[in-house]
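Working notes for the structure below.
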Amino acid sequence: MIKPLIPRHLLLSISPGRLEARLLETRLIGRPPRLVACHSSPLSSELDLGNAIPAALSGLPQTPRRTRVVLSDTFCRYFMLTRPQGTARRSELEAAMQLRLRSLFGEDPEHWMLSADARLFNREDLVCALPRAFHQNLLAALDAANLSLLSLRPYWVSCCADRARQRRRGRHWLLAADADALTLGLFEDGRCRAVCSRRRTDEDSDLQAFLSREQVLFPAPPEEPGDTLWLYGAAAVQSLKTPVTEGGPQQRIRTPGAFGSEAAV
């Protein structure tokens with residue numbers, strides 16, 4: 001009897017100091033893939049990707065070419081862009097993103113790759129920036145390892161994708177915490193209204209302070225019920241007996257196997 005072919009792919013979780021390779025297989029469409037094996041390798045710097053990727057793959061029983069990559073939010077910059085009036089071309093939007101990046105972070109836009117969730121008729125756009133040199137080194141390392149890139153996402157963006165259907169209606173906060181960063185965003189009827197990301201410190205054991213600061217800036221209408229809060233990653237296992245928000249429901253969600261777990265990134 002011929003056994004059915006079960007599609008497998010790689011997931012590379014990259015964080016400062018560590019790269020983990022996971023072999024996943026998809027048995028049913030719409031269900032999280034099953035973890036078959038995993039192996040990690042130290043990562044001294046972004047320039048070491050060419051050594052870290054083969055080292056992580058060496059511990060797996062199989063190396064399929066199809067690869068998804070999830071990056072710790074520490075590698076990225078997030079911000080919201082209010083489109084200048086009259087913006088009509090992609091080049092004008094890119095120029096506005098570059099100016100916003102420089103004004104917020106003091107970074108040279110030439111050194112960053114900018115990606116926006118740009119939709120027709122948007123007044124505000126969610127923008128994610130990734131260092132250009134890091135991106136080039138990653139692509140070269142994947143090519144050298146004979147891997148085919150299916151997707152490249154920061155951790156918080158992956159969590160947002162997991163809630164794509166649920167956030168189409170209503171107000172929702174989504175907090176993703178990996179070992180090195182906290183990223184919080186607000187969605188209203190499917191559109192991102194605010195995002196804030198920062199490196200983690202010893203003071204981040206109390207999530208309430210981080211949430212309260214942002215919620216004051218974007219209060220819910222008084223006639224509406226409390227906002228939903230989704231907690232991912234390390235945030236999902238903190239303060240398990242104590243509500244992080246008041247008034248609205250909250251869900252602590254174990255990071256889906258499609259892009260990681262609390263122990264990764």
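The values are calculated or read from the model by the stated rules, or taken from the named source; none is laboratory data. Nothing here was measured: the structure is a model prediction, and the numbers come from that model. Don't worry about glycine lacking a Cβ; one is built from the backbone with ideal geometry, like all the others, and counts go over all protein chains shown. Surface areas here come from the heavy atoms of the whole protein model, side chains and all, with no ligands, DNA or RNA. Shrake-Rupley method; radii C 1.70, N 1.55, O 1.52, S 1.80 Å.
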Looking at Ala140, Ala181, Ala96, Ala177, which is the one that is of a type outside the set (Ser, Thr, Tyr) and touching a Leu at 6+ places or on another chain (Cβ under 7 Å)? Ala96
If you scan segment 14-40, which residues turn out to be within 15 Å of Leu142 (Cα to Cα), in contact with a Leu (Cβ under 6 Å, 6 or more places away or on another chain) and not basic (Lys, Arg)? Ile14, Leu19, Ala21
In this structure, is Pro42 surrounded by fewer than 21 Cβ atoms within 10 Å (Cβ to Cβ), closer than 27 Å to Arg200 by Cα and in contact (Cβ under 8 Å) with a residue 12 or more places away in the chain? yes
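Considering every residue within segment 165-178, establish whether at least one is hydrophobic (A, V, I, L, M, F, W, C) and open to solvent by 20 Å² or more (accessible area, probe 1.4 Å).
Step one: list which residues in segment 165-178 are hydrophobic (A, V, I, L, M, F, W, C), which gives 173-177.
Then keep just the ones that are open to solvent by 20 Å² or more (accessible area, probe 1.4 Å); that gives none.
No, because not a single residue in segment 165-178 is hydrophobic (A, V, I, L, M, F, W, C) and open to solvent by 20 Å² or more (accessible area, probe 1.4 Å).
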Does segment 167-197 hold any residues that are over 18 Å from Ser212 (Cβ atoms), touching a residue at least 40 places away in the same chain (Cβ under 8 Å) and not aliphatic (A, V, I, L, M), and which are they? Gly170, Asp178, Asp180, Arg191, Cys192
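Please go through segment 137-164 and give me each residue that is open to solvent by 20 Å² or more (accessible area, probe 1.4 Å) and outside any strand (DSSP E or B), ordered by number. Give the steps one after another, and end with the answer.
Of segment 137-164, the ones open to solvent by 20 Å² or more (accessible area, probe 1.4 Å) are 137, 139-140, 143-146, 148-153, 157, 161-164.
If the condition is that a residue be open to solvent by 20 Å² or more (accessible area, probe 1.4 Å) and outside any strand (DSSP E or B), then Asn137, Leu139, Ala140, Asp143, Ala144, Ala145, Asn146, Val157, Ala161, Asp162, Arg163, Ala164 are the ones that fit.
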Only unsatisfied item for Ala52, checking (1) in contact with an Asp or Glu (Cβ under 6 Å, 6 or more places away or on another chain); (2) surrounded by 21 or more Cβ atoms within 10 Å (Cβ to Cβ); (3) among the small types (Gly, Ala, Ser), is (1)
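Is at least one residue of segment 204-211 open to solvent by 70 Å² or more (accessible area, probe 1.4 Å) and either modelled with pLDDT of 80 or more or over 17 Å from Asp162 (Cβ atoms) (or both)?
Just the residues of segment 204-211 that are open to solvent by 70 Å² or more (accessible area, probe 1.4 Å), to begin with: 205-206.
Going one step further and asking which of them are either modelled with pLDDT of 80 or more or over 17 Å from Asp162 (Cβ atoms) (or both), we end up with 205-206.
Yes, segment 204-211 contains at least one residue that is open to solvent by 70 Å² or more (accessible area, probe 1.4 Å) and either modelled with pLDDT of 80 or more or over 17 Å from Asp162 (Cβ atoms) (or both).
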Residues being of a type in the set (A, V, I, L, M, F, W, C) and surrounded by 17 or more Cβ atoms within 10 Å (Cβ to Cβ): count how many of those fall in segment 92-106. 4
Exception for Arg199 within (1) more than 24 Å from Arg123 (Cβ to Cβ); (2) open to solvent by 30 Å² or more (accessible area, probe 1.4 Å); (3) at pLDDT below 80; (4) not polar (S, T, N, Q) falls at (3)
How about segment 67-117: which of its residues are within 20 Å of Ala181 (Cα to Cα), part of a loop (DSSP other than H, G, I, E, B) and hydroxyl-bearing (Ser, Thr, Tyr)? Ser72
Would you tally the residues in segment 1-59 being modelled with pLDDT of 90 or more and among the basic types (Lys, Arg)? 2
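Kindly evaluate Thr67 against the criterion of being touching a residue at least 60 places away in the same chain (Cβ under 8 Å) and of a type outside the set (Gly, Ala, Ser). Can you show your working first?
Values: touching a residue at least 60 places away in the same chain (Cβ under 8 Å): yes; of a type outside the set (Gly, Ala, Ser): yes.
Against the criterion (touching a residue at least 60 places away in the same chain (Cβ under 8 Å) and of a type outside the set (Gly, Ala, Ser)), Thr67 qualifies.
Is it the case that Glu224 is at pLDDT below 80 and either among the small types (Gly, Ala, Ser) or over 21 Å from Phe105 (Cβ atoms) (or both)?
Working: at pLDDT below 80: yes; either among the small types (Gly, Ala, Ser) or over 21 Å from Phe105 (Cβ atoms) (or both): yes.
Judged against the criteria, Glu224 is a match.
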Quickly run through segment 55-91 and pick out the residues that are open to solvent by less than 20 Å² (accessible area, probe 1.4 Å) and charged (D, E, K, R). Asp73
